[in-house]
1. On the given criteria, is V249 surrounded by 17 or more Cβ atoms within 10 Å (Cβ to Cβ) and either assigned by TED's automatic domain parsing to the domain that holds S122 or modelled with pLDDT under 90 (or both)?
2. Any chance the range 188-201 includes a residue that's in contact with an Asp or Glu (Cβ under 8 Å, 6 or more places away or on another chain) and at pLDDT below 90?
3. Just the residues that are more than 12 Å from E214 (Cα to Cα) and out of contact with any Gly (no Cβ under 7 Å at 6 or more places or on another chain), please, taken from the range 146-159.
4. Among the aliphatic types (A, V, I, L, M), part of a strand (DSSP E or B), modelled with pLDDT of 80 or more and touching a helix residue (DSSP H, G or I) at 6+ places or on another chain (Cβ under 6 Å), is that true of V268?
5. Q258 is checked against (1) buried (at least 19 other Cβ atoms within 10 Å of the Cβ); (2) at pLDDT 80 or above; (3) in contact with a Lys or Arg (Cβ under 6 Å, 6 or more places away or on another chain) and fails just one. What number does that condition carry?
6. Among the helices (runs of 4 or more DSSP H) lying completely within the range 348-449, list those that include at least 2 residues that are surrounded by fewer than 18 Cβ atoms within 10 Å (Cβ to Cβ) and modelled with pLDDT of 70 or more.
7. Cβ contacts < 8 Å: first residue among the polar types (S, T, N, Q), restricted to the range 324-343; second residue part of a helix (DSSP H, G or I), any location; separation 6+ or different chain. Result?
8. Would you mind telling me which numbered condition in (1) at pLDDT below 80; (2) in the same structural domain as G167 (by TED's automatic domain parsing); (3) not polar (S, T, N, Q) A241 fails?
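The values are calculated or read from the model by the stated rules, or taken from the named source; none is laboratory data. The structure displayed is predicted, hence computed values, not measured ones. Reconstructed Cβ throughout: ideal geometry from the backbone, glycine too, with neighbour counts over all protein chains shown.
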Amino acid sequence: MNMLQLLKAEILHRKLNFVFSFIAVVTAATLFVAGPTILRGYQRDSDKRLTEMQQETDQTLGEMEEKAVKDLAHLDKRTKRIMRDLGFNLRIVHKNTDLTQLFAKFVSFDMPESYVDKLAGSPEITKIVHLVATLKQMVEVDGQSRLLVGFAPESTQSHIEQKSPMGFQIKPGTVYLGNVAAKKEQGMYQVGDKITVLDNEFSVARVLPLDGSENDVAIAMHLEDAQRVLNKPDLISEIVALGCKCKTVNRIEEITAQLETVLPDTQVIELRMQAIAREDQRKLVTKYNDQQMEDYKDTRKKIVDEETAGKATMLNVLEGVTNYVIPLIVLVCVIWIGLLAWSNVRERRAEIGLLRALGRNTSHIIVLFLGKAVLIGVLGGIIGCAVGAGLASQLAGTALFDGSLVNFRPDTGILLATVLGAPLLAAMASYLPTLLAIRQDPAVVLMDH
């Protein structure tokens, strides 16, 4: 009987011993493959998820910032319309103007109409826009005191982006009447009616709604008509304008500094509430958007921190199992294989003695026992690799891990180490029992039986 036949006969005769040893090798190989595979798969999957969460956070913040920019731009347009409807927030008058008389009686020191053109044509002026020359004076109309106001068309600043013009666009020969100025002894002036102002007749083009400002008592007309009626050719009382949204505290100082470079004999008066309305509103929305983004960042950070802490706890558990529990189980399996081999040797002392008496040399005994161990190791290692990979894949899809199967595939190195290491460990576990078998004296063994 050759060695292969002898080995086959050994396995068939000691089936239970073979099965128990095979199960031990498969168990050890399965855990050796599944443990590191699950650990590394969970690490990869965790890193991927945390990266995706960070990317999602960055993308959402980018979208929020983009939306904030659009909201602010939209707000700015709406605010500009509101400011345009509210009116001008700057009044530029001659330095000799008595402000008490200006505020109480609308009396100012006249200046040349050319001032507005000079101001509009100066590239140094960047913080003052929507320049409109006006002429104001209190007059008697129908026995009542009225504020006559002449408006010129808005002067064009070629060095600044052109926007929709502000102020009244009044045609020559027509007037706009404030709500109070439109009242007369019997009723009110209506659009199309005629009104006489200082012996000059005009057609009523519009009656303004009551707004609680000086416009309520105003009779507004084209600047050239006002200059003719008041006999003030080429003269104006003031230049009304809109100050830009300066982001410094010294807004009026900056505007004054620019004005002095072009018209040093003038002064600027700011209607502060109107001037800061746009900037305050913009700051409010900016603050709101910033707070929204900060709240989102804090919420996402809390979620990411909780996710990271949970992942770290699970990784610690898996590392503990992989580094301590699985090696311990593998060691137990190796000891179990050794004990089964030792038990097999003890039970077969008579057979070993008979084989030696029949002329079988030491190499035959070694091949018989170690060959069986190597065969068990090879088969168990291959089966264990398959079972370990399958176990890792099954666990990857459970609620405990819920990961991507790609990340839970065993590395080639682990599979190779298992297939090569399993028969080596099985052989090492069977080495001492095999050594005991070959050292037995066949004569003594046969005499005992």
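1. Values: surrounded by 17 or more Cβ atoms within 10 Å (Cβ to Cβ): no; either assigned by TED's automatic domain parsing to the domain that holds S122 or modelled with pLDDT under 90 (or both): yes.
Criteria not met by V249.
2. Looking through the range 188-201, none of the residues is in contact with an Asp or Glu (Cβ under 8 Å, 6 or more places away or on another chain) and at pLDDT below 90.
3. Initial filter on the range 146-159 (more than 12 Å from E214 (Cα to Cα)): 150-159.
The answer is G150, A152, P153, S155, T156, Q157, S158, H159.
4. Values: among the aliphatic types (A, V, I, L, M): yes; part of a strand (DSSP E or B): yes; modelled with pLDDT of 80 or more: yes; touching a helix residue (DSSP H, G or I) at 6+ places or on another chain (Cβ under 6 Å): yes.
In short, yes.
5. For Q258, the failing item is (1).
6. Details: elements: 349-357, 362-396, 412-429, 431-438, 442-448.
Counting at least 2 such residues, we get 362-396, 412-429, 431-438.
7. Listed by first residue and then by second, the contacts come to S343/N17.
8. Going through (1) at pLDDT below 80; (2) in the same structural domain as G167 (by TED's automatic domain parsing); (3) not polar (S, T, N, Q) one by one, A241 breaks only (1).
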